[in-house]
Amino acid sequence: MSEREIMEYDVLVVGAGPAGLACAIRLKQKKPDLMVAVIEKGAEVGAHILSGAVIEPGPLDELLPGWRDEPPPVCIPVTRDEIWLLRPGGKKTRLPTPPQQKNHGNYIVSLGATCAWLAQKAEALEVDIFPGYAAAEIRYTDDGTVGGVIVGDMGVGRDGQPKDTYMQGIEIHAPVTVISEGVRGHLAKQLIARFDLAADSDPQTYGIGMKELWRVQPGKAQPGLVQHTAGWPLDSKIYGGSFIYHLDKDRIAIGFVCGLDYADPEFKPFEAFQQMKHHPMVKDLLEGGEILSSGARAISEGGYQSLPKCEMPGAVLIGDSAGTLNVPKIKGVHQALRSGMLAADHLAETGRAEGFDAKLRASAVVKELHTVRNIRPAFYKGFWRGFVRAAVETVTLGKLPTTLRVHADHGALQKVSEYTAPERHWVDRTLPPRDRLASVYFATTEHDEDQPVHLQILEPDVCTTRCTTEYNNPCTRFCPAQVYEMVEEDGQQALQINAANCVHCKTCDIKDPYQIINWVTPEGGCGPNYQNM
């Protein structure tokens with residue numbers, strides 16, 4: 001095989017999300033002569049971006065003063081907040097809005113459209129942006145320093161052999177690589193392990209977020225209204241809730257998040273989302289409308305306790321690759337932007353990764369996480385105890401002298417023989433999508449069927465032996481895209497992986513109780529193609 005083509009840059013950014021693009025823009029603002037590249041595995045910038053999202057505008061004001069004169073395509077000022085506790089039988093109770101969830105002055109956006117808009121700002125500053133380039137491997141220098149990435153080969157068959165369409169991936173070299181892949185990044189996971197970056201932190205913990213974009217009947221949407229719900233269809237032992245963000249043009253962004261620390265091996269997050277839509281408060285809003293797009297993505301929920309060291313020789317971690325989301329605020333975009341800008345300021349000043357972690361921990365990003373550090377783990381002991389502790393933490397501004405510990409999600413799953421699910425009072429469904437395959441259709445996800453499977457099962461025998469007996473193959477339920485199926489082959493049960501369905505949410509990599517599913521990047525350009533998500 002021939003030597004790979006090499007491209008060289010001063011700074012390489014992996015991932016065109018809000019953190020990576022903010023970093024690239026700020027770098028060029030500070031040092032116009034720097035050669036900066038951003039590579040993105042999605043077919044276009046924004047194609048793999050999924051978030052609520054309500055954003056705080058402060059970091060954007062700093063990064064792009066005057067941005068309101070030319071805002072992103074979807075950008076609706078928040079007019080009103082509502083929080084509801086849903087109960088079985090169609091009942092509901094209005095709850096007071098906690099201070100951290102008041103959204104006066106904030107904006108509802110499509111984060112995918114916002115990233116595409118940010119990419120245009122970056123390109124105007126002569127940042128090189130390469131969509132469809134999937135960073136498959138880290139490139140290390142002779143002394144073990146991160147020295148860039150190796151872009152995955154294209155046109156490789158499932159058997160690992162080159163096809164007629166084969167194109168060798170290039171190497172991109174840079175003295176500093178900025179890792180901004182988002183939650184549970186393929187490369188970030190490797191780097192955290194290689195450099196033992198999580199040695200002094202708790203394990204990261206996650207939620208699975210699912211979202212749909214709807215066009216509802218005229219007059220039902222109230223642009224600027226932000227609604228959140230807790231309670232039904234979840235039982236008190238599962239952390240989570242929903243959001244309903246009212247957009248323009250009769251559109252509604254509706255989503256559901258549940259913590260992946262749940263214990264029930266038979267629980268189906270996708271079904272819980274669809275159940276929530278059938279509470280009368282929500283069903284009345286959606287009936288007569290049409291679903292436009294859908295998708296799913298994991299969310300980093302560990303916060304302050306789970307923040308790894310964010311520097312290593314030759315590279316830094318920013319945004320959701322580090323885990324900067326503020327769970328009680330239900331917001332991470334402002335934190336991602338801030339961390340990207342902070343990394344840019346540090347690199348412009350020093351030209352080195354060393355020193356970034358200390359700068360990050362002394363910044364407003366980590367100070368905000370510290371203030372709310374105990375709210376998410378407080379819910380480990382159930383909804384109502386968590387609710388009370390959250391209220392205390394809010395009133396005291398997080399100044400209590402204790403810091404609650406965070407545990408890994410996969411260890412929370414109980415065996416089938418040891419768990420009895422509570423009555424959740426779920427109902428018959430009528431709203432679309434009818435099932436997970438129908439939902440995948442609205443994600444417009446696409447993978448070449450003949451490429452190598454990007455969901456690696458490290459110990460396949462476990463799936464048909466221990467996992468079947470102990471957990472009844474929970475991957476067939478926690479995956480929101482029906483990637484995993486147990487099928488009969490020659491009279492035996494076998495695991496079938498429908499990799500073409502994958503929407504790159506990373507839930508399987510996180511929740512598998514044996515940690516034997518390893519998500520690696522498929523060919524560049526593959527995956528979902530979200531529109532206005």
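Side notes on the structure shown:
- Gyration tensor (alpha-carbon) shape descriptor, region 28-70, a/c threshold 1.5: oblate
- Paramagnetic reach from E354 (point 7 Å along Cα→Cβ, amide N under 19 Å) across region 183-200: 195-197
- Neighbour-limited loop hits for trypsin sites (Lys or Arg not before Pro), region 24-107 (at most 14 other Cβ within 10 Å; DSSP other than H, G, I, E, B): K102
- Reciprocal mean inverse distance between Cα atoms of region 397-525 - Kirkwood radius, Å: 17.1 Å
- Within the chain, helices built from complete DSSP H runs that reach 15 Å or longer along their own axis (Cα positions) and carry a mean Kyte-Doolittle hydropathy of -0.5 or higher are 18-30, 111-124, 333-350, 383-395.
- Taking one quarter of the surface of the C-alpha convex hull of the chain gives a mean projected area of 24.7 nm².
- Take every pair of alpha-carbon atoms less than 8 Å apart whose residues are at least six positions apart; their mean separation over the length of the chain yields a relative contact order of 21 percent.
- Shown here for region 140-207: trypsin sites (Lys or Arg not before Pro) in loop regions (DSSP other than H, G, I, E, B) with at most 16 other Cβ atoms within 10 Å, namely R158.
- Once exposed loop GluC sites (Glu not before Pro) are cut out (DSSP; at most 15 other Cβ, 10 Å), longest piece of the chain: 127-265
- For E56, nonlocal amide neighbours, meaning residues 5 or more places apart or on other chains whose placed amide H falls under 5 Å from its own, are H334.
- In this structure, the amide hydrogen of V38, modeled 1.01 Å from its nitrogen in the peptide plane, lies closer than 5 angstrom to those of V13, D128, I129, F130, counting only residues at least 5 positions away or on a different chain.
- Relative contact order for region 145-246: 16 percent, from Cα pairs under 8 Å spaced at least 6 residues apart, divided by residue count.
- Taking Cα centre as origin and charging only the Cβ of basic (Lys, Arg, +1) and acidic (Asp, Glu, -1) residues, the dipole magnitude of the chain rounds to 2740 debye.
- Net charge of Cβ neighbours under 12 Å - reference I39; Lys, Arg +1; Asp, Glu -1: -3
- Dipole size of region 255-360 about its Cα centre, with +1 on Lys/Arg Cβ and -1 on Asp/Glu Cβ: approximately 220 debye, rounded to the nearest 20.
- Cβ-defined net charge surrounding T507, 10 Å radius [Lys, Arg +1; Asp, Glu -1]: +1
- Flagged links, alpha-carbon separation over 32 Å, of K102/K283; K277/K309; K277/K329; K277/K367: K277/K309; K277/K367
- Helix content alone sets the calculated 222 nm mean residue ellipticity of the chain: runs of n ≥ 4 DSSP H residues at -39500 (n - 2.57) each, divided across all residues, give -7000 deg cm²/dmol.
- Local electrostatic count at L413 - Lys and Arg +1, Asp and Glu -1, tallied over other residues with Cβ under 12 Å: -4
- Candidates I457, P175, M312 compared by Cα position along the dipole of the chain: farthest toward the positive end lies M312, with charges placed on Cβ.
- Within the chain, percent of DSSP bridges classed antiparallel, to nearest 5: 70 percent
- The trypsin sites (Lys or Arg not before Pro) of region 388-476 meeting both criteria, a DSSP state outside H, G, I, E and B (loop) and at most 15 other C-beta atoms within 10 angstrom of the site's C-beta, are K399, R405, K415, R429, R434.
- Mean-position separation - Cα centroids, region 259-316 and region 399-436, in angstrom: 12 Å
- nm² value of the averaged projected area, convex hull over the Cα atoms of region 59-126: 6.5 nm²
Each reported figure results from applying straightforward, stated rules to the coordinates on display, with no laboratory input. In this text the structure is predicted, and so the values were computed from the model without any measurement. Neighbour counts run over all protein chains shown; Cβ positions are idealised from the backbone, glycine included.
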